[in-house]
Amino acid sequence: MIPRRRRIAALLLVLATLLTGCVAIPDDSAPQPIEAFSRKDPLNAAPVPRRSDDPETLARNFVRAMADPTAGHKAARKYLTAATSAKWDDQGDMTIVDNVSVVVDERTESAVRLRITADQVGTLSSAGQLLPASGTMVIPLSMARTASGWRINGDLPRGVITDNAQFLTAYRRADLYFPDRTMKRLVTDPRWTFGPTPQASDLVTLLMRGPSPDLSGAVGTGADKGATLAAPVTTDSDSVTVDLGNVADTDTGNRTVLAAQIVWTLDAAGISGTYNINADGAPLVADQDGGWRTADVRSFEPDAEQTTQPVLHLIRNGALVRSTGQRYVPVPGPLGTARDVRLAAITGDLSRTTAVVQRGDRQFLVEGPYGASTADVTSGRTITSPSFGAGGAIGYAIVDGRPVQWSRDANGVARSGLIDVRAVSDAAPGEITSMNVAPDGVRVALVVGGRPMLAVVSTNERGVPSLTGVRPAAIDIDTPVLDVTWATSSVLYVIRSGDDTPVMRISIAGGASSGLVGGNLKPPLSAIAASSRSVFVTDSQGVLQLGTDSSRPDQYWTSVGTSIPAGTVPVVPAG
């Protein structure tokens, strides 16, 4: 069954699209496989050239037909003369465009020269990773009249394009899962794949090929290294059989991680049952010869669905309080009675707290058990963006404009150090003003020079934590971004300057961002926090929330309570 978090995301995206009028690429559909073993034709068959088609219609349908990658883009080649088809190099990335128009420059009875112009909205790599794109694309085409009607004749640019609408119906998102460096948790790696129905063989094949390039420095490898899918995955009633080959790693722990990757990847695609996973003719793990269920790898469940709303906390009048209805209850310990707390982060299980406190002209990052005394971690003139990594053992913040990572050793002694951000500077010059680590502890959302960016936490050859795999989170937000937060490990929200849709939703799966309803917000916004079910912002009125539950999403923002002074900051436990 498709996880509930995706159903939530689906309704949010539809609502946002209706409100903003933007065409967005959704991230919630069931996965459809790409280029492996056998595959059925897609539900939306590519258009076929007709003898009666005029050159403009032929050009538009050629763009649509390029969405189908099967048999070397056989559907699109029907629009070409034999000579042009023989020369066309269809390899490489697919460019996804919108607002396609056709302009005829020259026309005779037997030949036409025209231009296809379109706005780029995304780029799909050969591995199925969708990245945002922008700019105008112009493709000149020559056509000749043949016995079968008009056909494209002459040189074509390398690669393929397709329009957004065709992409939405032909491709679906598939979530693959790879272990983090600790080999204890799984990290989501969204891909977009072609076809109408999930094919387990294709998903496992993609999984064995490894993670997307931006994740390569931040995930671990074990029994999956060098492993291949030896035969098509078979499904018989409640039984799914996966036969792997070349599994050289004999470590039971690593093989269990590999099983978790396969189980959760197939489960997310709606391919459920008992998973019989074999390696080179024998059970992958000897004591699992009866097969695997999701319960056997529950500890690896990625982005486990929240059955209850995390308890909202607020920094109110310099103290950390819990919001319970219309009441504000100070958390136990010194942070609940303080008057100098400026920012805070709390682990999802309410076990640890980190906070930024003001002492004279300096700020201190403190950390400790939730509701207990805290100890200093580091200090600076300004400290922002405190957050925890997965499990709460590692924390992050920006100290005097420089990202740092901190942890405590077995004796409780805090150790902090700078994070290498050279890759960020290379990709997006500018000041890092906000940083938030995803619940999976691997991905990082940044605001760099007012632009939203994504990165991953890696460790370089010197053992120094670094941010790598840096890429834009979205490139269609036209005003400076002020702050960023994660709702899940796959979805983030940003607040931006201006009065028009000040809260935007971004998915790591790619495509366009989407604006949340903003009619009753009173910008400027100064803070944001989120869970998988709600978004909280601070505006000039106080702290407001917008529910995002799929069954009944809120149509307007509501206050979290009364007596909320200016500058109150929402805090949602996470990580």
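Quick check: is even one residue across the range 63-78 in contact with a Leu (Cβ under 8 Å, 6 or more places away or on another chain) and surrounded by 13 or more Cβ atoms within 10 Å (Cβ to Cβ)? No, there is no match, as no residue in the range 63-78 is in contact with a Leu (Cβ under 8 Å, 6 or more places away or on another chain) and surrounded by 13 or more Cβ atoms within 10 Å (Cβ to Cβ). Residue pairs whose Cβ atoms lie under 6 Å apart, separated by 6 or more positions or on different chains, with the first residue in the range 136-161 and without any contact (Cβ under 8 Å) to a residue 60 or more places away in the chain and the second of a type outside the set (Asp, Glu) and open to solvent by 20 Å² or more (accessible area, probe 1.4 Å), are MET137/GLN120; VAL138/ARG115; VAL138/THR117; PRO140/ARG115; SER142/ARG113; SER142/ASN153; SER142/GLY154; ARG145/SER110.
Considering ALA345, ALA260, ALA319, ALA304, which residue is closer than 20 Å to SER532 by Cβ, of a type in the set (Gly, Ala, Ser) and either modelled with pLDDT of 95 or more or open to solvent by less than 50 Å² (accessible area, probe 1.4 Å) (or both)?
ALA345
Inspect all residues belonging to the range 353-370 and state whether any of them is of a type in the set (Ser, Thr, Tyr), at pLDDT 95 or above, within 20 Å of the chain's Cα centre (by Cα) and within 25 Å of PRO310 (Cβ to Cβ). Within the range 353-370, not a single residue is of a type in the set (Ser, Thr, Tyr), at pLDDT 95 or above, within 20 Å of the chain's Cα centre (by Cα) and within 25 Å of PRO310 (Cβ to Cβ).
Of ALA200, ALA170, all but one fail to be within 20 Å of ILE262 (Cβ to Cβ) and among the hydrophobic types (A, V, I, L, M, F, W, C); the exception is ALA200. State whether the residues of the range 345-352 include one that is assigned to a strand (DSSP E or B), of a type in the set (A, V, I, L, M), under 29 Å from the mean Cα position of the chain (by Cα) and within 13 Å of PRO573 (Cβ to Cβ). For the range 345-352, residues assigned to a strand (DSSP E or B), of a type in the set (A, V, I, L, M), under 29 Å from the mean Cα position of the chain (by Cα) and within 13 Å of PRO573 (Cβ to Cβ): present. For the range 322-342, taking the residues that are closer than 24 Å to GLY389 by Cβ and under 34 Å from the mean Cα position of the chain (by Cα), the one that is surrounded by the most Cβ atoms within 10 Å (Cβ to Cβ) is identified as LEU335.
Taking the criterion of being of a type in the set (Lys, Arg) and without any contact (Cβ under 8 Å) to a residue 40 or more places away in the chain, the residues of the range 461-512 that qualify are ARG462, ARG496.
Filtering the range 279-292 to residues that are within 15 Å of ALA231 (Cβ to Cβ) and either touching a Phe, Trp or Tyr at 6+ places or on another chain (Cβ under 7 Å) or open to solvent by less than 40 Å² (accessible area, probe 1.4 Å) (or both) leaves ALA279, LEU284.
Can you confirm whether THR188 is part of a strand (DSSP E or B) and either of a type in the set (Phe, Trp, Tyr) or more than 17 Å from ASP93 (Cα to Cα) (or both)?
Working: part of a strand (DSSP E or B): yes; either of a type in the set (Phe, Trp, Tyr) or more than 17 Å from ASP93 (Cα to Cα) (or both): yes.
So THR188 fits the description; yes.
Looking across ASP214, ASP224, ASP236, one residue alone is over 30 Å from ALA45 (Cβ atoms), open to solvent by 10 Å² or more (accessible area, probe 1.4 Å) and out of contact with any Ser or Thr (no Cβ under 8 Å at 6 or more places or on another chain). It is ASP224.
Identify, please: which residue in the range 355-387 is among the β-branched types (Val, Ile, Thr) and within 14 Å of VAL399 (Cα to Cα) and is, among those, surrounded by the fewest Cβ atoms within 10 Å (Cβ to Cβ)? Quick ask: steps written out before the conclusion?
If we filter the range 355-387 for residues that are among the β-branched types (Val, Ile, Thr), which is where we start, we get 356-357, 366, 374, 377-378, 382-384.
After this cut, where a residue has to be within 14 Å of VAL399 (Cα to Cα) as well, the list is 356-357, 366, 377-378, 382-384.
Values: VAL356: 24, VAL357: 23, VAL366: 23, VAL377: 24, THR378: 19, THR382: 12, ILE383: 24, THR384: 19.
Among those that are among the β-branched types (Val, Ile, Thr) and within 14 Å of VAL399 (Cα to Cα), it is THR382.
The requirement of being of a type in the set (Val, Ile, Thr), open to solvent by 10 Å² or more (accessible area, probe 1.4 Å), under 24 Å from VAL437 (Cβ atoms) and modelled with pLDDT of 95 or more is not satisfied by ILE495. Restricting the first member to the range 80-104 and to residues that are closer than 14 Å to ARG64 by Cα, and the second to residues that are open to solvent by 70 Å² or more (accessible area, probe 1.4 Å), the beta-carbon pairs closer than 8 Å and six or more apart or on different chains are ASP98/VAL23; VAL100/ARG60; VAL102/ARG60; VAL102/ARG115. SER416 - would you say it is of a type outside the set (Val, Ile, Thr) and in contact (Cβ under 8 Å) with a residue 12 or more places away in the chain? Considered against the rule, which asks whether it is of a type outside the set (Val, Ile, Thr) and in contact (Cβ under 8 Å) with a residue 12 or more places away in the chain, SER416 comes out as yes.
Name the single residue that is surrounded by the fewest Cβ atoms within 10 Å (Cβ to Cβ) among those in the range 431-482 being of a type in the set (A, V, I, L, M, F, W, C) and assigned to a loop (DSSP other than H, G, I, E, B). First the steps, then the outcome.
If we filter the range 431-482 for residues that are of a type in the set (A, V, I, L, M, F, W, C), which is where we start, we get 432, 435, 437-438, 442, 444-448, 453-457, 464, 467, 470, 473-475, 477, 481-482.
With assigned to a loop (DSSP other than H, G, I, E, B) added as a condition, the list becomes 438, 442, 464, 473-475, 477.
Details: ALA438: 29, VAL442: 26, VAL464: 13, ALA473: 25, ALA474: 23, ILE475: 19, ILE477: 20.
Restricting to residues being of a type in the set (A, V, I, L, M, F, W, C) and assigned to a loop (DSSP other than H, G, I, E, B), the top hit is VAL464.
Considering the range 509-565, the residues that are open to solvent by 50 Å² or more (accessible area, probe 1.4 Å) and in a strand (DSSP E or B) include one that is nearest to MET453 (Cα to Cα), namely GLN545.
Collect the residues in the range 46-63 that are more than 16 Å from LEU156 (Cβ to Cβ), of a type outside the set (Asp, Glu) and assigned to a helix (DSSP H, G or I), keeping them in residue-number order. Before the answer, list the steps.
To start, the set of residues in the range 46-63 that are more than 16 Å from LEU156 (Cβ to Cβ) comprises 46-48, 50-54, 56-57.
Restricting the remaining residues to those that are of a type outside the set (Asp, Glu) gives 46-48, 50-52, 57.
If the condition is that a residue be more than 16 Å from LEU156 (Cβ to Cβ), of a type outside the set (Asp, Glu) and assigned to a helix (DSSP H, G or I), then THR57 is the only one that fits.
Pairs meeting the criteria (first residue in the range 524-543 and over 14 Å from ILE564 (Cα atoms), second residue among the hydrophobic types (A, V, I, L, M, F, W, C) and not in a strand (DSSP E or B), beta carbons under 6 Å, at least 6 apart or on different chains) are ALA529/VAL572; ALA530/ALA487; SER531/VAL572; SER532/ALA487. Screening VAL517, VAL503 for residues that are under 25 Å from VAL311 (Cβ atoms), over 13 Å from the mean Cα position of the chain (by Cα), at pLDDT below 95 and not acidic (Asp, Glu) leaves exactly one candidate, VAL517. Does at least one position in the range 197-208 carry a residue that is closer than 30 Å to GLY389 by Cβ and assigned to a loop (DSSP other than H, G, I, E, B)? Looking through the range 197-208, none of the residues is closer than 30 Å to GLY389 by Cβ and assigned to a loop (DSSP other than H, G, I, E, B). Looking only at the range 395-419, residues that are surrounded by 16 or more Cβ atoms within 10 Å (Cβ to Cβ), modelled with pLDDT of 95 or more and not in a loop (DSSP other than H, G, I, E, B) come to 9 in all. Scanning the range 264-282 finds one or more residues that are within 22 Å of the chain's Cα centre (by Cα) and among the polar types (S, T, N, Q).
Filter the range 103-129 down to the residues that are hydrophobic (A, V, I, L, M, F, W, C), surrounded by 18 or more Cβ atoms within 10 Å (Cβ to Cβ) and under 36 Å from the mean Cα position of the chain (by Cα) and list them by number. Outline the logic, then answer.
First, the residues of the range 103-129 that are hydrophobic (A, V, I, L, M, F, W, C): 103-104, 111-112, 114, 116, 118, 121, 124, 127.
Checking the rest, the ones that are also surrounded by 18 or more Cβ atoms within 10 Å (Cβ to Cβ) come to 112, 114, 116, 118, 121, 124.
Hits for the range 103-129 are ILE116, ALA118, VAL121, LEU124.
The values are calculated or read from the model by the stated rules, or taken from the named source; none is laboratory data. No experiment lies behind these values; they were computed from the predicted model shown. Every residue, glycine as well, gets a Cβ built from its backbone with ideal geometry; the counts of neighbours run over all protein chains shown. Please note that ligands, DNA and RNA were not included when accessible areas were found on the heavy atoms of the full protein model with its side chains. Shrake-Rupley method; radii C 1.70, N 1.55, O 1.52, S 1.80 Å.
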